[in-house]
Amino acid sequence: MAWLRTARALAAIGLVAAAVCTPQAVTLARPKKAPVVEAPPPPPPAGPVALPARTVADAAAFQAYLERVGGASPAFTSGTGVAMTLKDAAAYEPRALIRGAIAYAAVAALQDQQFVAELRSAGNSPDNRRLMAGYLMADPAYALLFRGSQGAAGFAREALAGAGLKLYGAGKAVRQASYDIQHQAWSKLDVADRPARLAAVEAAGQQPLPDAADHVVALQQAVAGAAPL
């Protein structure tokens, strides 16, 4: 009878197995599909490389000032020529000159394409750009963390040093001319209304650099990488 009990047990196991494997049971045991999570849309493409219009205007005014004063001729032949050169050289407000120099250096720094690419890669979203701006305002040295920053700094130094050396050379030549013209007859004449002329020069030194709209387009092209500075 033992074999009969064994056969009945195997039959019972078979029935249980058959019940578990029914389509309904298989359906109930099947794991649920994970919900589909859609990827967020990619950030909008970055716009063209550009600087604020006011920054470019400051750089243009600075560049025009350097050209105007750096090109001053020391070959004076009259008091009028001396007055015109003095007027051009003194016609700036120191803070405006510094602001223009910084803007001009910024244009020069953007000539390093690796530096530009690194900045654009890091600022690939509005949130990232806001963070970068905050970091820069808190510590300007943050800009040196990007690859290409040394090359960009080199372009800035070269632009300002080259302009400064030209201005220094022109100033040195004019200074020497101030001694040379003392041997010319016209330099011994009295200057008419000297207090008023001095006051005019001092007043001119309190004015911002004049706008130089004719320099803006070329600087914008340099910023965008369409033309060299």
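The values are calculated or read from the model by the stated rules, or taken from the named source; none is laboratory data. Please read all numbers here as calculations on a predicted model, not as lab measurements. Cβ placement follows ideal geometry from the backbone for every residue including glycine, while neighbour counts extend to all protein chains displayed. These accessible areas exclude ligands, DNA and RNA; they are computed on the full protein's heavy atoms, side chains included. Shrake-Rupley method; radii C 1.70, N 1.55, O 1.52, S 1.80 Å.
Name the long-range amide H neighbours of residue 209: under 5 Å, sequence gap of 5 or more, or other chain; modelled H, no Pro or chain starts.
Those qualifying (amide H under 5 Å, at least 5 residues apart or on another chain) are 93.
If you place +1 on the Cβ of every Lys and Arg and -1 on the Cβ of every Asp and Glu, how big does the dipole about the Cα centre of segment 128-227 come out, in debye to the nearest 20?
Details: 10 positive and 8 negative charges, 65 e Å.
In total the dipole reaches around 320 debye.
Solvent-accessible area per residue for segment 53-114 at a 1.4 Å probe radius, Å²? Kindly include the intermediate steps, with their values, before the conclusion.
On the way: 2920 Å² over 62 residues.
Value for segment 53-114: 47 Å² per residue.
I need the peptides 122-133, 50-61 ranked by packing, meaning the mean over residues of other C-beta atoms within 10 angstrom, with the highest value on top. Walk me through the intermediate numbers first.
On the way: 122-133: 13.0, 50-61: 19.0.
Averaged packing, sorted descending, gives the order 50-61, 122-133.
Would you give the gap between the C-alpha center of segment 88-119 and the C-alpha center of segment 181-219, rounded to a whole Å?
Answer, in whole Å: 25.
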